[in-house]
Amino acid sequence: MSPLTTCPFCALNPDEIVLEGQRCLLIKTRDPVLLGSGMIVPRAHRETVFDLTPDEWSETYALLQQARALLDERYQPDGYNIGWNSGAVGGQEVFHAHLHVIPRFQDEPLAGKGIRYALKQPTNRRPRR
């Protein structure tokens, strides 16, 4: 099967799209824990962030600014986590590049814990070789 028939980001339901650009989309997160969470994805199937074209990078930036304005208006978050996972070991589960846009709120149990929180735990230290 080709990525176009198996990739969930290549076969989006129009209801999942929040903002649209010519090359990229802001979509709702399918399993949001935090209100307003979304992802910016290129329309073309690109496996990782490293595969984006310069035009897709530019439009990702523009959509990120639009997403922030929309989320600030709708939800008034106290902060944001913005991040890419690349490759299976990097935490990528869907192999279509996507930038996570996650509003954060002061009253969350993990408020103040950034995207590197789990990585900085002593239990995550690599064995010495």
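Considering segment 3-124, its Cα convex hull presents a mean projected area of 8.2 nm². Pull out a ≥ b ≥ c, the square roots of the eigenvalues of the alpha-carbon gyration tensor of segment 1-60, then state rounded if a/c is under 1.5, prolate if not and a/b is larger than b/c, and oblate in the remaining case. Oblate is the answer for segment 1-60, as a/c is 1.5 or above yet b/c matches or exceeds a/b. Please sort by residue number the GluC sites (Glu not before Pro) in segment 59-119 whose DSSP state is loop and whose Cβ has at most 11 other Cβ atoms within 10 Å. Counting only loop positions with at most 11 other Cβ atoms within 10 Å, the GluC sites (Glu not before Pro) in segment 59-119 are Glu93.
Taken over segment 24-87, the percentage of Cα pairs per 10 Å bin, counting from 0 up to the bin with the maximum distance, is 19, 53, 25, 3. Of Ala111, Phe50, Leu34, whose Cα points farthest to the positive end of the dipole of segment 3-124 (charges on the beta-carbon: +1 Lys, Arg; -1 Asp, Glu; origin at the Cα centre)? So the residue furthest toward the plus end is Ala111.
Taken about its Cα centre, segment 3-124 carries a charge dipole of roughly 280 debye when the Cβ of each Lys and Arg holds +1 and the Cβ of each Asp and Glu holds -1. Unpaired cysteine residues in the chain (no second Cys Cβ under 4.7 Å): Cys24.
Mean residue ellipticity, 222 nm, helices only, the chain: the sum of -39500 (n - 2.57) across DSSP H runs of n ≥ 4, divided by residue count and rounded to 500, is -6500 deg cm²/dmol.
Here segment 1-60 and segment 93-129 have alpha carbon centers that stand 20 Å from each other. Need one word for segment 69-124: rounded, prolate or oblate. Basis is the Cα gyration tensor (sqrt eigenvalues a ≥ b ≥ c); a/c below 1.5 gives rounded, then a/b vs b/c decides. Judged from the Cα gyration tensor, segment 69-124 comes out oblate (a/c at least 1.5, b/c at or above a/b).
None of the figures in this text is laboratory data; all of them are computed from the coordinates on show. Since the model is a prediction, treat every value here as computed from it, not as a measurement. Glycine also receives a Cβ, built like all others from the backbone with ideal geometry; neighbour counts cover every protein chain displayed.
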